[in-house]
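Here, each number is a calculation from the coordinates, and none is a lab measurement. Predicted model, so just to flag it, every value in this text is computed and none were measured. For neighbour counting, all protein chains shown are included, and Cβ atoms are generated from backbone atoms with ideal geometry for every residue, glycine included.
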């Protein structure tokens with residue numbers, strides 16, 4: 001065999017190659033929902049990524065425009081089905097803003113407690129799934145065990161473990177159960193213990209840290225240019241939290257911190273969520289202390305709130321009131337409003353338009369997951385194909401609110 005001429009240019013020795021196209025999703029097990037990423041690869045390096053949503057065909061906004069204001073709640077639940085009570089609260093607040101009403105103080109505390117428990121469930125699910133996808137299955141079981149304890153409380157209070165449809169315009173479907181405060185305090189202690197045990201299993205694991213640290217980084221400037229909010233934005237060092245910046249409900253009465261990261265990588269997003277679990281627990285403990293044991297849970301207005309069921313069956317006035325609200329809907333004054341709150345993944349906004357009838361004229365949502373997913377390609381381009389899995393898991397994309 002003749003020796004290769006050393007004078008040949010290196011380019012002449014290389015085999016011809018071209019980038020490879022690869023479809024990841026929309027039914028890929030690491031996609032956390034039906035999303036498709038069209039990848040252009042050089043070996044295992046991602047040159048270009050085209051992130052595509054729209055495979056669920058929810059039609060959430062149009063469905064809300066075909067029913068009464070109250071009938072929107074089952075749809076709201078399914079936007080972010082990991083923390084549906086935060087969605088319930090956000091939509092109820094938006095309609096109440098149009099109506100110009102304020103719910104009783106006991107209801108405000110009830111909403112805050114259930115909402116913060118839902119936030120804890122959201123973060124436990126996100127971090128647990130992210131750990132599992134990197135091979136840490138035991139922490140996933142620990143975190144999901146904690147979530148199940150909180151789901152027991154939701155089941156006791158609302159009758160459903162996942163999609164509660166418990167919020168109401170002007171209040172809540174039912175008042176707290178007799179042992180609500182005791183159940184929450186007991187569950188929170190166990191949940192925080194489980195979080196600590198899960199942390200001890202992974203936060204000193206070199207393999208786990210190598211898959212998170214410095215991976216999926218995004219600068220605060222780029223995150224803000226995409227209008228990021230929530231834990232993902234806070235991981236870059238921007239301490240924006242709607243509960244602090246624009247306090248709503250009774251959040252101005254609580255002492256809690258806003259955890260922030262420094263580098264905006266997968267590790268920071270993981271750690272911010274872990275610390276937010278503890279801060280939510282602080283809020284819940286304070287709310288339990290301040291929450292009145294007695295008092296109304298709904299506004300005293302028969303045009304807005306359904307009458308007690310026993311009165312519907314025994315009095316003609318309550319029967320008529322019930323019939324008009326169910327069949328015609330709450331008559332919301334004509335106008336428009338934008339109301340926003342801190343959802344599990346960031347600022348959850350509802351833009352509502354009313355024409356004065358019992359049906360919303362327009363419903364539009366500002367879904368935090370949609371905003372965050374729009375910048376995903378920046379986080380994975382230039383990295384390895386294996387890094388897509390922890391990076392995508394760390395942004396916690398919820399398809400239900402993306403396909404809006």
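Neighbour counts of other C-beta atoms within 10 Å: give me 121, 64 arranged from fewest to most. Could the numbers behind the result be given before it?
Details: 121 29, 64 24.
If I rank by nearby Cβ atoms, fewest first, I get 64, 121.
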Calculate the length of the line joining the C-alpha centroid of segment 116-140 to that of segment 255-287, in whole Å. 14
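Would you calculate a helix-derived [θ] at 222 nm for the chain, using -39,500 (n - 2.57) for each DSSP H run of n ≥ 4 and dividing by the full residue count, to the nearest 500?
The helix-only estimate for the chain comes to -14500 deg cm²/dmol at 222 nm.
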Taking every pair of alpha-carbon atoms in segment 117-225, what share in percent sits in each 10 Å bin, from 0 to the bin with the longest distance? 13, 34, 27, 19, 6, 0
If a paramagnetic tag sat 7 Å from the Cα of residue 246 along the Cα-Cβ line, which residues of segment 356-379 would have the backbone N under 17 Å from that point? 364-369, 371
For segment 1-157, just say rounded, prolate or oblate: build the C-alpha gyration tensor, square-root its eigenvalues into a ≥ b ≥ c, call rounded for a/c under 1.5, and beyond that prolate if a/b exceeds b/c, oblate if not. prolate
Could you give the length gained on full extension between residue 63 and residue 197, defined as 0.36 nm per residue of separation minus the Cα-Cα distance, in nm? 43.9 nm
Taking the alpha-carbon centroid of each part, what is the distance from segment 388-403 to segment 345-362 in angstrom? 25
From the Cα centre of segment 180-232 to that of segment 43-58, the distance in Å is 25
Return the single residue from 126, 72, 337 with maximal mean-square fluctuation; model: Gaussian network over the chain, springs between Cα atoms under 10 Å. 337
Given a 10 angstrom Cα cut-off, can you work out which residue in 112, 191, 51 is the most mobile in a GNM of the chain? 51
Highest GNM mean-square fluctuation, the chain, Cα pairs closer than 10 Å: which of 336, 44, 213? 44
Principal axis dimensions, largest first and in whole angstrom, of the chain by Cα: 104, 45, 33
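What length, rounded to one decimal in nm, is gained on full extension from residue 253 through to residue 378, with 0.36 nm per residue of separation minus their alpha-carbon distance? Kindly include the intermediate steps, with their values, before the conclusion.
Values: separation 125, 0.36 × 125 = 45.00 nm, distance 3.86 nm.
Result: 41.1 nm gained on full extension.
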Residue 282 to residue 326: extension gain in nm, 0.36 nm per residue of separation minus the Cα-Cα distance? 12.0 nm
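Sort 183, 123 so the one with the fewest other Cβ atoms within 10 Å of its own Cβ comes first.
Details: 183 18, 123 27.
By the 10 Å Cβ count, ascending: 183, 123.
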